[in-house]
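**Q** Dropping a structure here in structure tokens format, bear with me for questions.
The values are calculated or read from the model by the stated rules, or taken from the named source; none is laboratory data. Fair warning: this is a prediction, and the values are worked out from it, not measured in the lab. Cβ placement follows ideal geometry from the backbone for every residue including glycine, while neighbour counts extend to all protein chains displayed.
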Amino acid sequence: MTTVRVLVVEDDEGVGEALVETFTTAGWETTLCRRGDDGLRRVKDVDVVLLDLGLPDIDGLEFLHVLRRASTVPVLVLTARDGDGAMILGLRAGADDYLVKPVSQAVLLARVQALIRRSRVAGDQRPRPPQQSLSWGRLVVDLPARTVTREGRPVALTATEIDVLTAIASRPGEAVSREEIQLQVWGAPEVGRSRSLDFFVASLRSKLGEDLPLHTVRGFGFRLGR
């Protein structure tokens, strides 16, 4: 049986521990974070996120906006914010489901199981992009080998530069968000602008020159291709 990995982002200690106990009893691996920034750092490779909107460091809606630019992981909002207006805002921000506290364990488990089931079915049906090598002029990027050559000679890149390049080059011609690149390379999307990512993109442009068609998509991320 495939392990279910749950991330609970909840600042209330009692509620958070009760949720961990519920999911652990169901046989799921559960991680509890009480701050939004900690939750973003732990979101990689989980199967579902339970999110309270009233976090101490960032608003839950902002958490959703950042996460959705990096990942399609299912999110169930579990919050005290009642009313149609709050629910609509949560769903529009990227939540897949919305429950108002208090809620029974049976209903909560059923809703989480439904999200995971739909997500895994969608993942099984999603086409897997083939591994590939890309070339522009004298430059060749071999994604499976994680190497770059110019006129057959290797170009010396650091491991992080290769990671950033691979995150963008794995979807040639498509705009890749800053948050998605951060999630792939550093394991967490950041709220706001990442100077580290800008540094490595600038380094790639310096080392690979005009042969590399690496374009900035203003307000979003980067695109590789003519």
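**Q** With respect to the numbered conditions (1) under 27 Å from Gly36 (Cβ atoms); (2) crowded, with 19+ Cβ neighbours inside 10 Å, which one is the sole condition not fulfilled by Leu212?
**A** The single condition Leu212 does not satisfy is (1).
**Q** Out of Thr30, Thr79, report the one residue that is modelled with pLDDT of 95 or more, buried (at least 17 other Cβ atoms within 10 Å of the Cβ) and among the polar types (S, T, N, Q).
**A** That would be Thr30, the only listed residue that is modelled with pLDDT of 95 or more, buried (at least 17 other Cβ atoms within 10 Å of the Cβ) and among the polar types (S, T, N, Q).
**Q** Looking at the range 5-59, which of its residues are in a helix (DSSP H, G or I) and within 17 Å of the chain's Cα centre (by Cα)?
**A** Gly36, Asp37, Asp38, Gly39, Leu40, Arg41, Arg42
**Q** Pull up the range 12-22, narrow it to residues that are touching a strand residue (DSSP E or B) at 6+ places or on another chain (Cβ under 9 Å) and touching a residue at least 24 places away in the same chain (Cβ under 8 Å), then point me to the one that is surrounded by the most Cβ atoms within 10 Å (Cβ to Cβ).
**A** Checked the range 12-22; the qualifying residue surrounded by the most Cβ atoms within 10 Å (Cβ to Cβ) is Leu19.
**Q** Let me ask something additional. I need the full set of residues from the range 64-88 which are under 20 Å from the mean Cα position of the chain (by Cα) and part of a helix (DSSP H, G or I), in order please.
**A** Matches in the range 64-88: Leu64, His65, Val66, Leu67, Arg68.
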